[in-house]
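Below you'll find the structure, written out as structure tokens, and then a few comments.
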Amino acid sequence: MALRPDVPHSPPSLVGGLDSVVDASLAEGLAALESYKKKDTVKVVVRFKAVGNAPIMKQNFFRVTVSNRFQAVIQFLRKELGWKAGEPLFTYINLAFSPAPDDTISNLYRKSFATDGHLIVNYSTTAAWG
């Protein structure tokens, strides 16, 4: 069938109920987005351990909400130690690796980095491991 330039035409309509499938997928996507936006209120115990010449904290167990980013733990640790933003602070999980500041506590805790129900955060004034 040839299109005539003088007659306006509309694109063919969706066939076979594709509209309902698209609507269902959109509703499912919006529901997933809303559940992602909700903050997880579960708390886990974070245990701080000094490494090298870093000062030892009097209280080293703290409960932290799992939806927080690791950056919040770093900021909290700086505040507890009385360190300014420019002073060096190196943090490690289980003496093994330094997590990214944007990683969540939930990811670190649930990805087998919890030890005896605690997330162990080692801290130092100098780079201690690779």
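Determine the share of segment 62-124's accessible area contributed by carbon and sulfur atoms, expressed in whole percent, with a 1.4 angstrom probe. With neighbouring chains kept in place, the figure for segment 62-124 is 51 percent. For VAL46, the residues 5 or more places off, or on other chains, whose built amide H falls under 5 Å of its own are PHE62, ARG63, VAL64, LEU119.
In Å², and per residue, what accessible area does segment 22-117 have when probed at 1.4 Å with the other protein chains present? Don't skip to the end; give the middle numbers.
Working: 6460 Å² over 96 residues.
Accessible area per residue: 67 Å².
Between ALA54 and THR125, the built amide H atoms are under 5 Å apart, and every one of these is 5 or more places off in sequence or on another chain.
Taking a straight line from the alpha carbon of LYS43, these lysines sit under 24 Å away, with near neighbours fewer than eight places off in the same chain left out: LYS58, LYS79, LYS111. Report note on the peptides 100-106, 43-49: ranked by the mean count of other C-beta atoms within 10 Å, highest first, their order is 43-49, 100-106.
The values are calculated or read from the model by the stated rules, or taken from the named source; none is laboratory data. Since the structure is predicted, the reported quantities are computational estimates derived from the model, not experimental observations. As a convention, Cβ positions derive from the backbone with ideal geometry for all residues, glycine included, and neighbour counts pool all protein chains shown. Please note that ligands, DNA and RNA were not included when accessible areas were found on the heavy atoms of the full protein model with its side chains. Shrake-Rupley method; radii C 1.70, N 1.55, O 1.52, S 1.80 Å.
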